[in-house]
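The values are calculated or read from the model by the stated rules, or taken from the named source; none is laboratory data. Every value quoted in this text rests on a predicted model; they were computed, and no experiment measured them. Backbone-built Cβ (ideal geometry, glycine too); neighbour counts: all protein chains shown. With ligands, DNA and RNA removed, areas are computed over all heavy atoms of the protein, side chains included. Shrake-Rupley method; radii C 1.70, N 1.55, O 1.52, S 1.80 Å.
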Amino acid sequence: LGCTGGGGEVPDAGLARDASSARRDAAASDAASDARGDGGDLDGGRASERERVFGVTLTDPWALDSAEGDLVIERLRGLTAPSRVGPESWPTVRVVFDEGVDEVRRSGGATARDYIGPLERLVGTAQVMGELLDSFFVADYSADELRQRACEYRAELGHLVDLWEVGNEINGEWLGDDAPRKLATAAAVFLASPSEFAALCPGRSVRADERPFRVAMTLYGNGTYDGGRSSATNCWSDPDHAMLRWAQTQFGPGGALEASGAALDYVWVSYYEDDCDGIQPDWPGVFAELGRLFPGARLGFGECGSERRARKEPLLRRYYEGMTLPDPELANMHIPEPNFVGGMFWWYFSDDLHDDALYSRFVQARRNAFWR
């Protein structure tokens with residue numbers, strides 16, 4: 001990972017998987033694994049056919065500490081898989097941690113510790129994927145400031161988060177040219193063993209009850225590279241940021257992030273049809289390529305959705321049910337990649353959980369054959 005910040009030297013990326021293993025060995029126990037329901041097999045190579053991640057996104061986790069909190073919990077419990085038991089049956093909830101809510105910025109005086117109450121409400125109902133920082137705000141943080149934020153969030157919330165999203169829509173043009181270094185800097189904090197963490201994060205330490213967590217990265221789906229030319233199959237602004245090209249450049253042979261790719265437990269794809277002219281990518285081909293580039297990672301969609309009410313139900317059906325439905329227009333959702341585990345993480349769940357008709361689509365989707 002080879003970057004340096006004000007708090008110390010970042011471990012070598014070539015040791016990323018070793019650091020990840022050391023971190024797990026130091027933090028994990030059989031009891032914790034049983035409590036999380038992963039059976040201890042998350043690092044066992046290709047994904048099991050039974051592994052599924054049914055994800056939604058809470059953009060407003062503060063609602064959990066308000067009068068609306070009971071409704072949020074009720075809706076999440078309604079998404080428990082009927083054919084599974086324990087944590088394996090729970091949905092996975094991406095919690096969006098707001099920009100500035102840290103000791104770097106102290107927006108409104110709030111810090112990571114203020115999320116403890118909301119996250120505690122999710123215990124026993126959902127597994128938590130913590131989004132360290134939304135892509136829109138990455139350019140506002142220097143690499144060292146992002147390291148400080150990562151240190152704070154792991155130290156304060158490590159006992160409540162199952163999966164850390166260390167990079168969100170990381171190939172987006174709006175993140176700036178320094179995005180790979182920032183990703184490496186943040187990832188190093190979460191891949192560090194307790195002693196390495198203390199060196200990277202002076203004055204902080206991991207909690208004794210830290211959960212044995214996993215690490216994820218989300219790419220931004222913007223179509224094919226097409227020789228660097230705009231076409232009917234892409235929607236990027238800068239061809240160097242075309243998703244697969246960027247990922248191959250950064251994580252492929254000789255790339256700045258080549259070694260760190262082996263440390264990722266999950267690689268997600270964020271895709272918004274409304275932002276990409278309704279393009280229907282060749283998802284089987286895309287995920288096959290990601291499977292070759294990240295052979296040890298689970299794969300899936302990390303964001304989807306629409307602000308337009310008329311578009312919501314068709315998109316819910318496509319992304320949460322299309323993997324097994326026979327409709328010809330859903331053929332590109334039939335993804336045979338062995339490491340494809342779903343995800344989806346509908347971005348607008350905080351808003352749409354109030355809409356009974358839309359919520360019923362989530363419940364119906366949970367009964368789809370793919371999730372069983």
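Ignoring everything except DSSP H segments at least 4 long, calculate the 222 nm mean residue ellipticity for the chain; use -39,500 (n - 2.57) per segment, divide by total residues, nearest 500.
-9000 deg cm²/dmol, from helical runs alone.
Once fully extended, how much extra length lies between residue 356 and residue 204, figured as 0.36 nm per residue of separation less the alpha-carbon to alpha-carbon distance?
My answer for the length gained is 50.3 nm.
Which value in nm describes the separation of the simple spin-label points at residue 332 and residue 67, placed 7 Å from the Cα toward the beta carbon?
Distance between label points: 4.5 nm.
Counting other Cβ atoms within 10 Å, keep those with at most 14, restrict to DSSP loop, and tell me which GluC sites (Glu not before Pro) in segment 273-372 are left.
307
Sequence gap at least 6, Cα distance under 8 Å: using those rules, report the relative contact order of segment 217-278 to the nearest whole percent.
Relative contact order of segment 217-278: 42 percent.
Please identify which residues in segment 178-205 have an amide N closer than 13 Å to a label point set 7 Å out from the Cα of residue 120, following the Cα→Cβ vector.
Label zone hits: none.
Could you sort 318, 308 by accessible area so the largest value comes first, with the probe set to 1.4 Å? Can you show the working numbers first?
On the way: 318 25, 308 135 Å².
The ranking, largest first, comes out as 308, 318.
Antiparallel as a % of all DSSP beta bridges within the chain, to the nearest 5?
Close to 10 percent.
Quick one: how many Å² of residue 325 are accessible to a 1.4 Å probe, rounded to 10?
Number for this one is 30 Å².
Among (1) 6; (2) 34; (3) 14, which one is percent of Cα pairs over 41 Å apart computed from these coordinates?
Comparing each candidate, only (1) matches the computed number.
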